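Bear in mind these aren't lab numbers, they're just calculated from the coordinates by the rules spelled out. Bear in mind the structure is a predicted one, so any value in this text is a computation, not a measurement. Don't worry about glycine lacking a Cβ; one is built from the backbone with ideal geometry, like all the others, and counts go over all protein chains shown.
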Amino acid sequence: MMDAAVTLREYLAYLYAIKHYSKATLDAYNRDIASFVSFLETARAHDYLAVDADDVRAFVSLRRRQGLASSSSQRLLSSLRGFYRYLLKDKLIEVNPVTDIRAPKKEKKLPQMLDVDQLDQLLADEGQQALEIRDHAMLELMYSSGLRLAELVALNSNDIDRRAGQVMVTGKGNKTRYLPVGAAALKAVGRWLKERQLLLSTDELALFISRRGTRLSHRAVQLRLKSRAQSVLSGVKLHPHMLRHSFASHLLESSGDLRAVQELLGHSNISTTQIYTQLNFQHLSKVYDQAHPRARKTTKD
């Protein structure tokens with residue numbers, strides 16, 4: 001039987017020479033496989049060639065309890081799967097014990113959002129210069145109607161019906177939906193349309209245009225909103241989707257109508273919308289912890 005350390009060195013040499021793996025990847029694979037071999041010898045009392053799926057699961061479970069992230073678990077299994085595939089190819093084992101094992105699903109991060117007070121601060125300054133008025137209108141409209149960045153940029157001036165208080169949006173999959181626009185956003189867009197006329201030098205249809213009269217790019221909107229937030233909200237790195245998240249969370253918190261929020265966001269699957277119920281519960285839990293007299297921790301004498 002070949003020594004595990006020797007086999008591992010040969011495997012890493014193969015990955016370097018034939019697969020052209022980077023040094024960082026090889027170092028990670030070396031750590032992963034060496035720690036598994038050590039686990040087998042100390043906790044499972046057998047060597048690296050006498051491994052079954054239960055051994056692999058036990059090792060991954062141990063590493064997870066030790067704080068290994070889901071993404072690192074995926075890499076760990078990839079390391080082991082490749083190593084045992086190599087051993088199988090060299091006929092040192094008969095079955096790859098890692099083949100049917102999948103890493104735990106990556107934890108879903110809750111979307112970032114602004115609270116109502118932060119939004120009030122962000123939207124308080126309506127601006128005096130043309131581009132400030134435009135930026136204010138973009139902020140108001142994104143929060144008012146829960147627009148994606150791509151949907152905002154794609155808007156034409158005739159897509160918004162100020163009299164009806166709605167905007168026509170083309171979302172993912174070229175699906176069109178009509179969304180309500182709040183009074184504050186309608187006012188802001190009205191102010192911007194007057195300034196827009198002065199900047200137009202062509203027959204550009206875009207609702208939001210640059211100083212040169214051309215449709216704004218995604219990047220331009222991102223930078224303008226980030227700059228706006230930096231001057232108003234200390235420590236907040238604003239990105240356009242935060243306004244959409246805030247729209248959804250605040251609307252769900254007030255109405256409790258998940259289906260309506262799904263429709264407004266243009267989600268084809270309600271499971272996508274359900275992430276906002278977690279945000280809502282997180283907020284309610286925070287309020288409960290702060291306000292309920294029996295929720296407060298007491299110190300023991």
Original post:
Over region 116-290, what relative contact order in percent results from Cα pairs under 8 Å that are six or more residues apart?
Top reply: 23
Original post:
Looking only at region 24-54, which residues have a backbone nitrogen under 17 Å from a spot 7 Å from the Cα of V6 in the C-beta direction?
Top reply: 47-50
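What ranking of D3, D47 emerges when the number of other C-beta atoms within 10 Å of each C-beta is taken as an exposure proxy, fewest first?
With the sparsest Cβ surroundings first, the list reads D3, D47.
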**OP:** Name all residues of region 1-44 having a backbone nitrogen under 13 Å from the label point set 7 Å from the Cα of L92 along its Cα→Cβ direction, giving them as ranges.
**Re:** 1-15, 33-34, 37
Subject >> 10 Å Cβ shell holding at most 11 others, DSSP loop, GluC sites (Glu not before Pro): longest site-free stretch of the chain >> reply: 108-301
**OP:** Report the calculated FRET efficiency for A220 and A69 (r = Cβ-Cβ distance, R0 = 51 Å), to the nearest 0.05.
**Re:** 0.90
**OP:** Provide the net charge surrounding D47, with neighbours chosen by a C-beta distance below 14 Å and charges set as Lys +1, Arg +1, Asp -1, Glu -1.
**Re:** -3
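Around G266, what is the net charge, scoring Lys/Arg as +1 and Asp/Glu as -1 over all other residues with Cβ under 11 Å from its Cβ?
On the way: positive: R148, K172, K175, R177, R244; negative: E151, E263.
Its environment carries a net charge of +3.
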**OP:** Sort V6, V232 so that the residue with the fewest other Cβ atoms within 10 Å of its own Cβ comes first and the one with the most comes last.
**Re:** V6, V232
Subject >> Student exercise, region 116-290 dipole from Lys, Arg, Asp, Glu Cβ charges, in Debye to nearest 20 >> reply: 540
**OP:** Of the options H245, S227, M113, report the single residue whose Cα projects farthest towards the positive end of the charge dipole of the chain (beta-carbon charges: Lys, Arg +1; Asp, Glu -1).
**Re:** S227
Original post:
Highest GNM mean-square fluctuation, the chain, Cα pairs closer than 10 Å: which of P97, P240, P180?
Top reply: P97
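Rank the residues S78, S73 as a footprinting-exposure proxy: fewest other Cβ atoms within 10 Å of their Cβ go first.
The most exposed by this proxy come first: S78, S73.
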**OP:** Evaluate the charge dipole of the chain about its Cα centre and quote only its size in Debye, nearest 20, assuming +1 on the Cβ of each Lys and Arg and -1 on the Cβ of each Asp and Glu.
**Re:** 300
Subject >> Rounded to 10°, Cα long-axis angle of helix 275-291 versus longest principal axis of the chain >> reply: 80
Subject >> Counted charge near N158, where neighbours are those whose Cβ lies closer than 15 Å (Asp, Glu -1; Lys, Arg +1) >> reply: 0
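Over the chain, what is the mean sequence separation of C-alpha contacts under 8 Å (at least six apart), divided by residue count, expressed as relative contact order in percent? Could the numbers behind the result be given before it?
Details: 302 pairs, mean separation 42.0, N = 301.
Answer for the chain is 14 percent.
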Subject >> Pair S35, R81: separation of 7 Å Cα→Cβ label points (nm) >> reply: 1.9
Subject >> Overall dimensions of the chain by Cα: Rg and Dmax, Å >> reply: 27.7, 82
Original post:
For labels at L193 and T42 in the simple 7 Å Cα→Cβ model, what's the distance in nm?
Top reply: 7.1
Original post:
Going by a ≥ b ≥ c, the root eigenvalues of the Cα gyration tensor, does region 97-219 fall in the rounded group (a/c under 1.5), the prolate group (a/b larger than b/c) or the oblate group?
Top reply: prolate
Original post:
Per the Kirkwood definition applied to all pairs of different Cα atoms, how many angstroms is the hydrodynamic radius of region 18-124?
Top reply: 16.1
Original post:
Pick from G190, G165, G82: which is most flexible by mean-square fluctuation in a GNM of the chain where alpha carbon atoms under 10 Å apart are linked?
Top reply: G82
Original post:
Taking Cα atoms, how many degrees apart are the long axis of helix 23-39 and the longest axis of the chain, rounded to 10 and kept between 0 and 90?
Top reply: 50
